[in-house]
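Engineer: Here you go, one structure.
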Amino acid sequence: EVVRRIRSLWGLKRSGRAIQEAIIRGVKFAYDQGLILYKGDFLWPVGELILKPRYRDDAQLLKIDLICDEELAAAVKAVLQAQYATPKETLAVVAARYLGFRQTSTVIRERIADVVESMLSEKQLTQLPNGMLDLSQNTDVKVAPPDDVSIIWTYNEQNDLDEGKNVSSYKLNLD
C-alpha cells in the first residue's frame, strides 16, 4: 500500500521492481533513523500526533482495512464532539460518513463498532442511562477539526439503520 500511495503521489501509473525496492529501502531507512514506527500494518511518525480523521473522496482510498483503528477512533470522537451523545447503532454510520463512506456495509459497521467497544472498555466513551454513547469526562480529546466536512447521516425513528434509504436525513456541519 505504501508503494501504491507514493507512486500515485508522484503521478506514476505503475511501479517497477526498482521503484518498489527504493521505496522499501526508504521506509527501512526512516525506521532505522527513528523517524517512523510500525504499529500493526501502519507506519507512524515518531512523536505526539494529533489525529485528523480524513474525509476520503477517492474510491481507491475507501477501504475500511486501509484505515487504522486510531483514525476510526478519532472519527468517533469528532462526531461525538460535534453532536454529543449518539445512539450506538448510529455512531458507526455517522463516523463512516465522516470518513467518506456513502454507504455502510456490515463490514464497515462491525469494524467501527469494534473500535467503539474498545473505546468503551478503555473508558474513552461512556454509555449513558438512555443507552446513548458520549465522550467520557476524563477523555483528553486530541482530534484536529476537519477542513470542510459535513456529515450526512440517516436515522430511522425506530432506531433501525436504513442503509442510506432516506427516512429522516440530518446534515451536521462541523465548522
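Here, each number is a calculation from the coordinates, and none is a lab measurement. Computed from a predicted model, the values in this text were never measured in an experiment. Cβ sites come from the backbone with ideal geometry, for glycine too, and all protein chains shown count toward neighbours.
Engineer: Among 64, 40, 80, flag the residue with its Cα farthest along the positive direction of the charge dipole of region 30-119, charges on Cβ as +1 for Lys/Arg and -1 for Asp/Glu.
Structural biologist: 80
Engineer: Between region 73-143 and region 9-70, how many Å separate their Cα centres?
Structural biologist: Region 73-143 and region 9-70 have Cα centres separated by 25 Å.
Engineer: Using only the Cα atoms of region 35-88, build the gyration tensor, take square roots of its eigenvalues as a ≥ b ≥ c, and label the shape rounded, prolate or oblate: rounded if a/c is under 1.5, else prolate if a/b is larger than b/c, else oblate. Can you show the working numbers first?
Structural biologist: Numbers: a/c = 2.24, a/b = 1.41, b/c = 1.59.
In terms of gyration-tensor shape, oblate.
Engineer: Hey, with R₀ at 30 Å, roughly what FRET efficiency would residue 8 and residue 29 work out to, going by the Cβ-Cβ distance, to 0.05? Spell out each step's value before the answer.
Structural biologist: On the way: r = 21 Å, r/R0 = 0.71.
Efficiency, from the Cβ-Cβ distance: 0.90.
Engineer: Net charge near residue 113, counting Lys/Arg +1 and Asp/Glu -1 over other residues with Cβ under 14 Å of its Cβ?
Structural biologist: Details: positive: 88, 109, 111; negative: 69, 89, 110, 114, 117.
Cβ neighbours under 14 Å give a net charge of -2.
Engineer: Highest mean first, what order results for 73-83, 7-17, 89-99, 47-57 on Cβ atoms within 10 Å? Don't skip to the answer; put the middle values down first.
Structural biologist: Working: 73-83: 22.6, 7-17: 10.1, 89-99: 24.3, 47-57: 13.5.
Peptide ranking by packing, descending: 89-99, 73-83, 47-57, 7-17.
Engineer: Something else now. Indicate the gyration tensor shape class of region 1-82 (rounded, prolate or oblate), computed on the Cα atoms with a ≥ b ≥ c the square roots of the eigenvalues: a/c under 1.5 is rounded; otherwise a/b larger than b/c is prolate and the rest oblate. Spell out each step's value before the answer.
Structural biologist: On the way: a/c = 2.82, a/b = 1.44, b/c = 1.97.
Oblate.
Engineer: If you don't mind, there's one more thing I want to ask. State whether region 18-60 is rounded, prolate or oblate according to the following rule on the C-alpha gyration tensor (a ≥ b ≥ c being the square roots of its eigenvalues): a/c under 1.5 gives rounded; otherwise a/b larger than b/c gives prolate, and the remaining case gives oblate. Before the final figure, lay out the partial values.
Structural biologist: Numbers: a/c = 2.82, a/b = 1.23, b/c = 2.29.
It is oblate, given that a/c is not under 1.5 and a/b is not larger than b/c.
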